[in-house]
Amino acid sequence: MAISGMKTLVYFASGRRIKNKYQNLDFDKIYLIDNCFREKIEDVGKITCLKMDCLESVEYLKNKNVKIDCFVALNEGLFEGGGNYAINSDFFLGYVMPLLNQNYIHIMDKTYYANTPYRVTMDLPFEKVEINERNDRYINPLLFSNRQNAKVYQMNKLINPHYEILVNPLINIKIIHDSIWNYYDELESVVISFTQQGQSDFFDKIPKVFNLNKMQIDIGEVFNYCEMNRIRKIGFTPWGKLNYWNFVYKLKERKSDYPNEILLFHLNKNDYQVIKKQY
């Protein structure tokens with residue numbers, strides 16, 4: 001169980017260097033995560049170094065009941081150093097979201113991703129406010145990296161209403177402005193449609209996950225799978241280049257008891273606007 005009141009900082013793609021100044025930060029526990037560490041797990045004072053891919057480290061941190069008070073990602077080696085996906089991308093931040101505290105500090109440099117194919121929006125279900133040294137939660141980003149354009153943000157989780165959509169009286173459909181990974185344990189199936197941004201097949205290996213992009217199946221086939229396997233509750237991330245008319249058509253004609261609950265999750269605030277306006 002996580003210790004009440006414990007403050008934790010996690011630095012993703014930290015590099016191998018362990019600065020002495022890290023020990024002086026006002027955190028009870030600090031995790032540095034990078035593939036370049038020599039040891040799989042090494043403790044140095046209140047710092048734990050993890051030789052892991054950042055995506056793989058999320059499960060480790062979850063098993064340790066870590067809750068992140070400060071999230072740092074400044075230079076994941078996309079141009080050198082072997083990094084192959086953006087830590088501040090929607091797919092990574094959505095996956096790590098169950099570890100984020102309702103109010104946390106986020107340190108990043110959005111200019112790092114300029115002129116790259118990596119999609120970094122920071123359009124998340126959080127209120128994002130830039131803070132400076134006058135705020136007592138501010139940490140100078142130069143402590144971690146020489147990225148001169150790095151910013152420090154106070155992130156506060158938004159409490160958004162769930163939109164109920166009436167398409168078929170047999171199926172309870174909700175649109176939820178949140179990460180699907182916050183609901184993973186209560187869903188019987190998880191349907192994702194992430195574009196390839198260097199994450200390889202990581203998500204395909206997670207139990208009960210379907211990747212529409214890779215499996216080349218349509219919504220009708222997903223619903224048929226639910227019926228064959230008696231799956232009642234299923235969650236989706238946005239898909240199909242935001243074309244949901246076939247989805248709505250398939251739902252309207254269904255007579256089955258499976259699925260009888262569909263949750264549509266989104267991180268970006270304007271997703272699913274077509275369905276919201278219509279229904």
Quiz item: Considering region 88-104 alone, what residues qualify as being in contact with a strand residue (DSSP E or B) (Cβ under 6 Å, 6 or more places away or on another chain) and either among the polar types (S, T, N, Q) or not in a helix (DSSP H, G or I) (or both)?
Solution: Asn88, Leu100, Asn101, Gln102, Asn103, Tyr104
Practice problem: Using the structure shown, decide if Lys7 is farther than 30 Å from Pro238 by Cβ, touching a residue at least 12 places away in the same chain (Cβ under 8 Å), among the basic types (Lys, Arg) and touching a Lys or Arg at 6+ places or on another chain (Cβ under 6 Å). | Solution: no
Exercise. Tell me, please, whether a residue that is over 26 Å from Gln197 (Cα atoms), buried (at least 17 other Cβ atoms within 10 Å of the Cβ) and out of contact with any Gly (no Cβ under 7 Å at 6 or more places or on another chain) can be found in region 87-96.
Key: no
Exercise. Can you work out which of the residues in region 229-273 that are of a type in the set (Gly, Ala, Ser) and either surrounded by fewer than 20 Cβ atoms within 10 Å (Cβ to Cβ) or farther than 15 Å from Ile173 by Cα (or both) is farthest from the chain's Cα centre (by Cα)?
Key: Ser256
Quiz prompt | Pick from region 102-127, criterion in contact with a Ser or Thr (Cβ under 9 Å, 6 or more places away or on another chain) and without any contact (Cβ under 8 Å) to a residue 40 or more places away in the chain, ranking: nearest to Lys269 (Cα to Cα) | solution = Val120
Quiz item: (1) of a type in the set (Ser, Thr, Tyr); (2) in contact with a strand residue (DSSP E or B) (Cβ under 9 Å, 6 or more places away or on another chain); (3) not in a loop (DSSP other than H, G, I, E, B): which one isn't true of Thr111, the others all being true?
Solution: (2)
Exercise. Select from region 244-267 the residues that are among the charged types (D, E, K, R) and either in contact with a helix residue (DSSP H, G or I) (Cβ under 6 Å, 6 or more places away or on another chain) or under 25 Å from Gly94 (Cα atoms) (or both) and write down the one among them that is modelled with the lowest pLDDT.
Key: Lys250
Exercise. Please state which one of Cys54, Cys36 is touching a Gly at 6+ places or on another chain (Cβ under 8 Å), surrounded by 12 or more Cβ atoms within 10 Å (Cβ to Cβ) and within 26 Å of Ser89 (Cα to Cα).
Key: Cys36
Quiz item: If you go through region 199-228 one residue at a time, how many are in contact (Cβ under 8 Å) with a residue 40 or more places away in the chain and either loosely packed, with under 13 Cβ neighbours inside 10 Å or among the small types (Gly, Ala, Ser) (or both)?
Solution: 1
Quiz item: In region 156-177, what count of residues is obtained for those that are within 17 Å of the chain's Cα centre (by Cα) and surrounded by 19 or more Cβ atoms within 10 Å (Cβ to Cβ)?
Solution: 2
Quiz item: Any residue in region 22-29 that is buried (at least 22 other Cβ atoms within 10 Å of the Cβ) and either in a strand (DSSP E or B) or touching a helix residue (DSSP H, G or I) at 6+ places or on another chain (Cβ under 7 Å) (or both)?
Solution: no
Quiz item: Applying the selection to region 59-87, what residues are of a type outside the set (Val, Ile, Thr) and not in a loop (DSSP other than H, G, I, E, B)?
Solution: Glu59, Tyr60, Leu61, Lys62, Asn63, Asp69, Cys70, Phe71
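The values are calculated or read from the model by the stated rules, or taken from the named source; none is laboratory data. Because the structure is predicted, anything quoted here is derived from the model rather than measured. Cβ atoms come from the backbone with ideal geometry, glycine included; neighbour counts cover every protein chain shown.
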